[in-house]
Number of protein chains: 4
Amino acid sequence: MSARIQENSKLQASPEAERRVRESFARQGLMSTLGATITGVGPGAVEIALPVSDGILQQHGFVHAGAVSSIADTAAGFAALTLMPADAGVLTTEFKINLLAPAVGDWIVARGRVVKAGRTLTLAQTDVFAEKAGQERLVAYLTATLMTVSGRDGIAD
Amino acid sequence: MSARIQENSKLQASPEAERRVRESFARQGLMSTLGATITGVGPGAVEIALPVSDGILQQHGFVHAGAVSSIADTAAGFAALTLMPADAGVLTTEFKINLLAPAVGDWIVARGRVVKAGRTLTLAQTDVFAEKAGQERLVAYLTATLMTVSGRDGIAD
Amino acid sequence: MSARIQENSKLQASPEAERRVRESFARQGLMSTLGATITGVGPGAVEIALPVSDGILQQHGFVHAGAVSSIADTAAGFAALTLMPADAGVLTTEFKINLLAPAVGDWIVARGRVVKAGRTLTLAQTDVFAEKAGQERLVAYLTATLMTVSGRDGIAD
Amino acid sequence: MSARIQENSKLQASPEAERRVRESFARQGLMSTLGATITGVGPGAVEIALPVSDGILQQHGFVHAGAVSSIADTAAGFAALTLMPADAGVLTTEFKINLLAPAVGDWIVARGRVVKAGRTLTLAQTDVFAEKAGQERLVAYLTATLMTVSGRDGIAD
């Protein structure tokens, strides 16, 4: 595993969007359980990195499709959140993920971006890479529909 | 949370299929990290249960779509494995999941079953329920394509 | 090709739902272009049949995935419509289809049913069969998200 | 409707790939029934255009999701075919399409490209635009899995 996580300096959101995404991410118990970290927030874009460890693998020693999906969905959802009204929350309504190659390496990195932001529904797409010794390989491709939720108790970000 | 996990007595696989699935499941670090358990293995069918705890939630207090997907994909994959040749391993090539309602409750239960088993590709479908005080509610619906992998080093189940 | 299309007598919707679906279907130019017919309307369920002819094939002589999808999506959408308020219209927001076997035969039959009806979004699932000499074979499996649209000019069913 | 279809001059495949795709496309009865045309073939990329007419609409006057899917799937499949061995044929095993906006305009244009070509499975992605008075608007986003089929009677392209 790399000694440390590098921030993606190309992603530069407003301070408000940056804070909003990082605070909501910090409330996700699953991200903490998996050991994932946000490494970049931009307008309509979010990057999340996950160090590879035994606790996220499947039976053949690859990173489990569920762990790959977890950070890919989260990157898509927060990418969408950066473009939503301040009083709204975000929920995933569906996603599809194609697993393109065994997820093997030091880090798994998910880069989500908004394809089209709508009033109610937003489409986002996430590329997931496995990084090994500084080389990245595309291992998964996710598309997700995110819903803008307003005025519902307990759903705000 | 319920005091204990109940086995699904309707699922009755052959002893070989039962052992094959449970041994492969036991090698999945992610299932152990999440706290998931197999509660039933049948011919072309597998059930997995996950107790709800803070470590699998998202920011609004619902079970994270990634955790729901993790057990739903695993149930689909092992359901497919029960019908595969003894020397083969199983890999997910893609899945779609629709999140139908907030996943809130004591347990999350995923019931996967094979829709059509092919030589190379198998389609499986998983219903995911949230159980609270003995009542079940459908919260997610997954379809997955599983590949039968033969003769590849390190991929056997 | 069979001499005639048989109605599915198991599907029995209310006269209002039946009329609503059949009138909306009759306004779909694509269904007429393909030659598709409604063969059943039930509560939360619709069946559509399509006779196989050269004009709906792909390059290997199978029914084109696009034609299969067209009737599968339509069956899902109208199944959802049977459960929607009288002043609402239905729009598909996404669907996934798995093609399970070459679509070869006399008729292609799509059977859609609602999995979960929500206020805004409904999930429906369609099985598609190829019928040849009275035998049916499952050739495709679709899941679709349908949106209930109210108060938008021009979108009513 | 525009007076004529413009070729996409940015797509430049080898003469062999160009011929292979156009000949296979010409054998698709459905494309002819819908009125679709190939407007570009590149390495790992194909563009298809469809003039809007009553015969491809749904009940609200938008282009039917089935017609949109038909050309989007075809563009994805032929994009994949350009990278396949000469003796292989292509089959779609699954696709998901997100409908992002009503498909209204003079032409519907689908631009497919390969995301990752594998030995057995290839992932392709298609953007679909509605063109009106020279302006394009993204109306749909498809991802498809294509299978390379070798040595099966009747499946060659």
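The values are calculated or read from the model by the stated rules, or taken from the named source; none is laboratory data. Since we're looking at a predicted model, the values are computed, not measured. Cβ placement follows ideal geometry from the backbone for every residue including glycine, while neighbour counts extend to all protein chains displayed. Note: accessible area is taken over every heavy atom of the protein model, side chains too, but ligands, DNA and RNA are not part of it. Shrake-Rupley method; radii C 1.70, N 1.55, O 1.52, S 1.80 Å.
Given labels modelled 7 Å from the Cα in the Cβ direction, how far is it in nm from D:Arg152 to C:Val104?
A separation of 1.0 nm, rounded to one decimal place.
Keeping all protein chains in place, calculate the accessible area per residue for the protein assembly as shown (probe 1.4 angstrom), answer in Å².
38 Å²
Among D:Gln28, D:Gln59, D:Gln135, which one shows the biggest mean-square fluctuation in a GNM of chain D, springs joining Cα atoms closer than 10 Å?
With Cα springs under 10 Å in chain D, the top fluctuation among D:Gln28, D:Gln59, D:Gln135 is at D:Gln59.
So which residue, out of C:Ala17, C:Ala26, C:Ala133, gets the largest mean-square fluctuation from a GNM of chain C using Cα contacts under 10 Å as springs?
C:Ala133
Decide, for the protein assembly as shown, between rounded, prolate and oblate: order the square roots of the alpha carbon gyration tensor eigenvalues as a ≥ b ≥ c, take rounded if a/c falls under 1.5, and otherwise choose prolate if a/b is larger than b/c, else oblate.
rounded
Grab the Cα-Cα distance for C:Asp54 and C:Arg19, subtract it from 0.36 nm times how many residues apart they are, and report the gain in nm with one decimal.
Length difference between fully extended and current span is 9.5 nm.
Would you work out the charge dipole size for chain A about its Cα centre, treating the Cβ of every Lys and Arg as +1 and the Cβ of every Asp and Glu as -1, and quote it to the nearest 20 debye?
Result for chain A is approximately 240 debye, rounded to the nearest 20.
As a check on your reading of the symmetry: which chain B residue has its Cβ nearest the axis that brings B onto C, and how far is it in Å?
Here the value is B:Lys96, 2.
Compare D:Ala124, D:Ala67, D:Ala49 in a GNM of chain D, Cα atoms joined below 10 Å, and give the one with the largest fluctuation.
Of the options given, D:Ala67 has the highest mean-square fluctuation.
What's the center-to-center distance, using Cα atoms, between the range A:17-65 and the range C:97-129 in Å?
If you average the Cα positions of each part, the centres end up 35 Å apart.
Would you mind working out the magnitude of the charge dipole of the range C:1-74 relative to its Cα centre, with +1 at each Lys and Arg C-beta and -1 at each Asp and Glu C-beta, to the nearest 20 Debye?
Roughly 100 debye, rounded to the nearest 20.
Summing +1 for each Lys or Arg and -1 for each Asp or Glu, what net charge is found among the other residues whose Cβ lies under 12 Å from the Cβ of A:Gln125?
+2
Under the convention of a label 7 Å out along Cα→Cβ, give the distances in nm from C:Arg22 to the same position in every other copy, shortest first.
Label point to label point, same position, other copies: 4.8, 5.6, 6.3 nm.
Please compute the average number of Cβ atoms from other chains found within 10 Å of each residue's Cβ in peptide D:25-32.
Mean partner-chain Cβ count within 10 Å for D:25-32: 6.
Leaving ligands and nucleic acids out of the surface, order A:Glu16, B:Glu47, B:Glu136 by accessible area at 1.4 Å, largest first.
My answer, sorted largest first, is A:Glu16, B:Glu136, B:Glu47.
What total accessible area, in Å², is buried where chains C and D meet, using a 1.4 Å probe and rounding to the nearest 100?
Result for this pair: about 2900 Å² buried.
Expressed in nm², what is the orientationally averaged projection area of the convex hull enclosing the Cα positions of the range A:15-149?
7.6 nm²
What nm distances, shortest first, do you get from the label point of A:Asp153 to those in the other copies when the point sits 7 angstrom along Cα to Cβ?
Nearest to farthest, the other copies are at 3.9, 5.9, 6.7 nm.
Where the label is 7 Å out from Cα toward Cβ, how close does D:Ala133 come to the same position in every other copy, in nm, shortest first?
In ascending order, 5.8, 5.8, 5.9 nm.
Let me check against my output: what whole-number percent is the relative contact order of chain B, with C-alpha pairs under 8 Å and at least 6 apart?
Over chain B, the number comes to 23 percent.
Of all accessible surface on the range C:15-149 at a 1.4 Å probe, what whole percent is carbon and sulfur?
Summing carbon and sulfur atoms, their accessible area is 52 percent of the total for the range C:15-149.
Please name whichever of B:Ala75, B:Gln135, B:Gln59 sits farthest to the positive end of the charge dipole of the range B:15-149, dipole taken about the Cα centre and charges placed at Cβ: Lys and Arg +1, Asp and Glu -1.
Positive-most Cα among the choices belongs to B:Ala75.
Return one number: the angle in degrees, 0 to 90 and rounded to the nearest 10, between the long axis of the Cα atoms of helix D:15-26 and the longest principal axis of the Cα atoms of chain D.
Tilt of helix D:15-26: around 60 degrees.
How tilted is helix C:65-81 with respect to the longest principal axis of chain C? Cα atoms for both, answer in degrees (0 to 90, nearest 10).
30 degrees
Considering the zone a paramagnetic label at B:Ala26 would reach in this model (a point 7 Å from Cα along the Cα-to-Cβ line), which residues of the range B:39-56 have amide N under 16 Å from it?
Flagged as within label range: B:39-41.
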